[in-house]
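Notes follow the structure.
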Amino acid sequence: MTPLLNRLTVPRVRAFTVLLYLAILSGCHAKLEPVKSSVEGPFPEKLSGWHLFVGLNGTLQPNEGVLPYDLNTPLFSDYAAKHRFVWIPPGTSADYREDGVFDFPIGTILVKSFAFPADGGKNREKLIETRLLVHGKSGWIGLPYVWNESQTEARLDLVPDPVAVSYADSSGQRHAFTYFIPNANECKQCHENSRVMLPIGPKARNLNKDYVYADGVANQLVRWTQAGYLQGAPLPQAAPKVAKWDAPQSGNLEDRARAYLDNNCAHCHQPGAGAGYTGFDLRLTATGLNSLGLCKSPNSAGRIGNLIYDLVPGKPAESILVARMESVRPKEMMPQIGRSVVHQEGLALIREWVRSLPADGAPCAMPIDSRK
């Protein structure tokens, strides 16, 4: 490695390589624009105005200091592929938290792009939207950017229209549905707790995993620390780690089911959140089946059909939790926003988990008016 590269932090090697490549092509000393730090409005009308990526041509090549990341068990969003990035202003870092979301400094930008397979070539994608969660002076702000057909730019649209999505999956089966992009106000439905907007995914248990970076594989907590983006983190083996919902080797059935509920439902179903009043707490840290709706009648949208309880051990067909996951009817389906289709694999996991719960250990008594 050259003396110059020796002085670069590991996360910046990739960006330096891109810069060098552009300079060679142009025959001059090209210089990338630094990421734009914007902590109050008006915010850039175009995604390119943030300088988060090196060009916008249907790919997402991160700019210098923009770090890609992933989650052990992510939120399901209509089978969309998601590309996540984080940028933190130079000289600042996030404070590690054992359970909750890291404490990010003002100016932090969390980026999540949604894409579906594109026709005409293997591994090609069509970007639909890029959501920015910006830590501004007055708190976190959600900004949805919608991509154009030519995949050359995404524009800020606070009230975006639904998007028709059609694609063929890896088996050749075609899928067609309407994809709904949450508007700026709807971001609060998932991200608000006690009237404060917060990120959801960047927690120790979600980030404690290996990621394939441009310069090799590394644990994300370690890489964030090396990049100066995180302080106070323990070694990965001492940090919490959630199971990967679809990887049996990462945890047993209960571990994977609870991880799925934690990342797909608990942002609303926890104290202080939108559905906190229901007493239905789906956080991974909640203990006991009572918090998960054991023999509990719903107090929000009412019953579904002749179903009575949120969770009936051993009986997924009688559990409202399962019924809401398999529904696509407005005001009945869960989550209420962020999906238009049923996550068949996730649904199968939760069904299997409910079926595994001993029915004789916690029988649900029928209400008097239902014993007919």
For the stretch 248-366, would you read off the P(r) tail past 19 Å as a percentage of all alpha carbon pairs? 42 percent
Taking the chain as a Gaussian network, Cα atoms linked when under 10 Å apart, which of ALA238, ALA214, ALA359 shows the biggest mean-square fluctuation? ALA238
Listed with the fewest Cβ neighbours within 10 Å leading, ASP360, ASP246, ASP281 appear as ASP360, ASP246, ASP281
What residues of the stretch 45-59 lie in the reach of a label at GLN151, counting those whose backbone N is under 12 Å from a point 7 Å from the Cα along Cα→Cβ? 56-59
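Set the Förster distance to 35 Å, then compute FRET efficiency between GLU45 and ASN290 from the Cβ-Cβ distance, nearest 0.05.
Calculated transfer efficiency: 0.10.
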Centre separation in Å (Cα based) which lies between the stretch 227-261 and the stretch 194-217: 10 Å
On C-alpha positions alone, give me the angle between the axis of helix 344-356 and the longest principal axis of the chain, in degrees, nearest 10. 40 degrees
Add +1 for every Lys or Arg and -1 for every Asp or Glu among the other residues with Cβ under 13 Å from the Cβ of PHE177, and state the total. 0
Modelling each spin label as a point 7 Å along the Cα-to-Cβ direction, I'd like the ALA239/ASP360 distance in nm, to one decimal. 4.4 nm
Report the net charge of residues surrounding GLN220, where surrounding means a beta-carbon distance below 13 angstrom and charges are Lys +1, Arg +1, Asp -1, Glu -1. +4
In nanometres, the difference between 0.36 nm per residue of separation and the alpha-carbon distance of GLN226 and ASN185 is 11.2 nm
Separation in nanometres of the label points that stand 7 Å from Cα toward Cβ, at THR178 and ASN123: 3.6 nm
Ranked on Cβ counts within 10 Å of their own Cβ, fewest leading, HIS269, HIS135, HIS51 go HIS51, HIS135, HIS269
By what distance, in whole Å, do the Cα atoms of the chain stretch along each of the three principal axes, largest value first? 83, 45, 43
Which residue fluctuates the most in the chain, going by a Gaussian network model with Cα springs under 10 Å, if the choices are GLY107, GLY314, GLY305? GLY305
How large is the convex hull of the Cα atoms of the stretch 32-238 per residue, expressed in Å³ as a whole number? 136 Å³
Expressed in angstrom and rounded, the centroid-to-centroid distance over alpha carbons for the stretch 134-186 and the stretch 49-95 is 15 Å
Which FRET efficiency value, to the nearest 0.05, is calculated for GLU332 and VAL163 with the Förster distance at 25 angstrom and r the Cβ-Cβ distance? 0.60
Taking the beta-carbon count within 10 Å as an exposure proxy, list SER170, SER319 from fewest neighbours to most. SER170, SER319
Relative to the first principal axis of the alpha-carbon coordinates of the chain, what is the inclination of helix 253-264, with its axis defined by its Cα atoms, in degrees from 0 to 90 and to the nearest 10? 70 degrees
Pick from ALA247, ALA273, ALA227 the residue whose mean-square fluctuation is largest in a GNM of the chain, springs joining Cα atoms under 10 Å. ALA247
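A short reminder: the numbers here are calculations on the coordinates, not readings from a lab. Note that the coordinates shown come from a computational prediction; the quantities given were computed from them, not determined experimentally. Glycine gets a Cβ as well: all are built from the backbone with ideal geometry, and neighbour counts include every protein chain shown.
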